[in-house]
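Here is the structure we will look at.
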Amino acid sequence: MFVEKHLRLLKVYCKNHFIYLEDKGWYADEEGCNETVTLENQPRHEIVCGYTLVPCKYSSTCGKIRKMNIEAHEAACEFRPEMCKYCKADVQFHDMEEHFKVCGMVPLQCSKCNADVTRSEYESHSKDACPEEEIACPFHDQGCPRRILRKNLKEHIDSDVADHLCMMKKSFDDQLTTIKTDHEREMRIKDDRLGTLEKMVRESGGVYDTRVDWRVKNYSTLRKKCYLQSEKFQIAGFTWFIGFYTDGDNPDSKGFISIYLFLDVAHVPKGKSISIEYVLRFVNHKDTNDSIKKEFKTTFPIKNGQGWGDRKAIKNSQMEQAGFLKDDTFYIEAEIAVKKVMWAV
């Protein structure tokens, strides 16, 4: 107890009396705290000691500052935030002069009309509002070569009405001639492409002959959806798919399968059409001679529709009992021959 009491009353320097340097180690700091306190009072003293080194709250670049000097330092710190007097944004004090060079709210004066504008408004003022700015006549694209001060624009338009009307007429005539020339060139290109396609068809007797096999698996379950659709396929630059209604597509065809070849009209170029002949066949697995074959010949796109086929292609009862299902799979075959691809003129 005696030793403990003696140690508590032992006089020691505040830790801020010393400083550590890597090349010298610990030594007494002449500018440090010279106060001596008892060992038991040392923690309380050091909490309030003005010589304690603390960081600047604005930047680590400032290093450590004596607590008794920190308030004065931070009040004058070059990294302290200050409000821009123009845009009211917080900017570090040492960056303020550079900020003024780019701040959009800095007031300027138009060099031509002396109007007061901000830096951010200067460009639009010159482009759209300055009365002393020289601008092109609104009829420049029609041929007027004049450049006039914005403040004199109305006078120019009022005095040159006839000339501007003549320029507009000539401009429209030139545009019409260009459109006509471009149209004729496009039509020649289309005619060349159409001729190439027709030649290919003539030489091959239907060069785009295509066969599509569609296997509808798990038919007994899928038929409850009422409408089934094949994957899409490409023929002669057109997109197609087969679709059928398992119980007819209207009251009159109820009890039948209604099947159609559909053209995906969303991807048909405007003015393009195609004449085809095609067969839709329901395959009979007991006897292929009993397969049901539906033949069609038509031109797509269909007027007021998207597909063409047979509303009463086969009775449901006939299909289920006569060998048209194998392992609950319904087999549909399509044979499609392109006869002619056409462009509307």
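So what is the relative contact order of the stretch 206-337, in percent, for Cα pairs below 8 Å that sit 6 or more residues apart?
That works out to 34 percent.
Determine the equivalent ellipsoid of the stretch 13-156 by diagonalising the alpha-carbon gyration tensor, then write out the semi-axes as square roots of 5 times the eigenvalues, largest first, rounded to whole Å.
Computed over the stretch 13-156, the values are 67, 13, 9 Å.
How big is the charge dipole of the chain about its Cα centre, in debye rounded to the nearest 20, if each Lys and Arg gets +1 on its Cβ and each Asp and Glu gets -1 on its Cβ?
Result for the chain is approximately 1720 debye, rounded to the nearest 20.
Per-residue HN-Hα couplings for the stretch 214-231, Karplus 6.51 cos²θ - 1.76 cosθ + 1.60 at θ = phi - 60°, whole Hz, x for Gly and Pro?
Karplus values, whole Hz, x for Gly and Pro: 10, 9, 9, 7, 6, 4, 4, 8, 5, 4, 5, 6, 6, 9, 10, 9, 6, 5.
Given R₀ = 30 Å, FRET efficiency for Cys87-Val54 by Cβ-Cβ distance, to 0.05?
0.40
Counting only residues 5 or more places away or on other chains, whose amide H sits under 5 Å from the amide H of Gln92 once H atoms are built in the peptide plane?
Amide H neighbours of Gln92, under 5 Å, 5+ apart: Glu82.
Under a plain spin-label model, where a point goes 7 Å from the Cα along Cα-to-Cβ, how far apart in nm are Lys170 and Thr329?
Label at Lys170, label at Thr329, 7.5 nm between them.
Tally Lys and Arg at +1 and Asp and Glu at -1 over the other residues with C-beta under 9 Å from the C-beta of Tyr58: what net charge comes out?
In short, 0.
In square nanometres, what is the average projected area of the Cα convex hull of the stretch 2-76?
With every direction weighted equally, the projected area is 6.3 nm².
How large is ³J(HN,Hα) for each residue in the stretch 236-250, as worked out from phi by the Karplus curve 6.51 cos²θ - 1.76 cosθ + 1.60 (θ = phi - 60°), to whole Hz, x for Gly and Pro?
Here the 3J(HN,Hα) series is 6, x, 10, 9, 10, 7, 9, x, 9, 9, 6, 9, x, 10, 7 Hz.
In nanometres, what is the gap between the two model label sites at Glu98 and Phe233, each 7 Å from Cα along Cα-to-Cβ?
In this crude label model, Glu98 to Phe233 measures out at 6.8 nm.
Putting +1 on Lys and Arg Cβ atoms and -1 on Asp and Glu Cβ atoms, find which of Ser253, Gly237, Pro269 reaches farthest to the positive end of the dipole of the stretch 210-343.
Pro269
Can you tell which of Leu228, Leu39, Leu149 shows the greatest fluctuation in a Gaussian network model of the chain with Cα springs below 10 Å?
Leu39
Spin-label point model (7 Å from Cα, Cβ direction): what's the Thr288 to Lys154 distance in nm?
8.8
Hey, what's the Cα Rg ratio for the stretch 204-345 versus the globular rule of thumb, 2.2 N^0.38 Å? Write down the numbers at each step before the final one.
Details: Rg = 15.6 Å, N = 142, 2.2 N^0.38 = 14.5 Å.
Taking N as the residue count of the stretch 204-345, the ratio is 1.08.
If you take the beta carbon distance between Lys270 and Ala136 as r and set R0 to 41 Å, what does 1/(1 + (r/R0)^6) give as a FRET efficiency, to the nearest 0.05?
Values: r = 37 Å, r/R0 = 0.91.
FRET efficiency, Lys270 to Ala136: 0.65.
Taking the chain as a Gaussian network, Cα atoms linked when under 10 Å apart, which of Arg147, Arg66, Arg281 shows the biggest mean-square fluctuation?
Top of the fluctuation ranking is Arg66.
Can you tell me, using C-alpha contacts under 8 Å and at least 6 residues apart, the relative contact order of the chain as a whole percent?
Contact order relative to length: 11 percent.
At 25 °C and 0.890 mPa s, what whole-number value in µm²/s does Stokes-Einstein give for the translational diffusion of the stretch 81-175, with Rh from the Kirkwood sum over Cα pairs?
Working: Rh = 16.4 Å.
The calculation lands on 150 µm²/s.
Could you pull out every whole DSSP H run in the chain that spans at least 18 Å of Cα extent along its own axis and averages -1.0 or higher on the Kyte-Doolittle scale?
What comes out of the filter, once short or polar helices are dropped, is 161-204.
Once amide H atoms are placed 1.01 Å from N in the peptide plane, what residues at a sequence separation of 5 or more from Lys339, or on another chain, have their amide H within under 5 Å of its amide H?
Ser275, Ile276, Glu277
Subtract the Cα-Cα distance of Lys24 and Asp191 from 0.36 nm times their separation in residues, and report this length gain in nm to one decimal. Before the final figure, lay out each step's value.
Values: separation 167, 0.36 × 167 = 60.12 nm, distance 9.58 nm.
Full extension of this stretch gives 50.5 nm more.
No value in this document is a laboratory result; all are computed from the given coordinates. Note that the coordinates shown come from a computational prediction; the quantities given were computed from them, not determined experimentally. Every residue, glycine among them, receives a Cβ derived from its backbone with ideal geometry; neighbour counts consider all protein chains shown.
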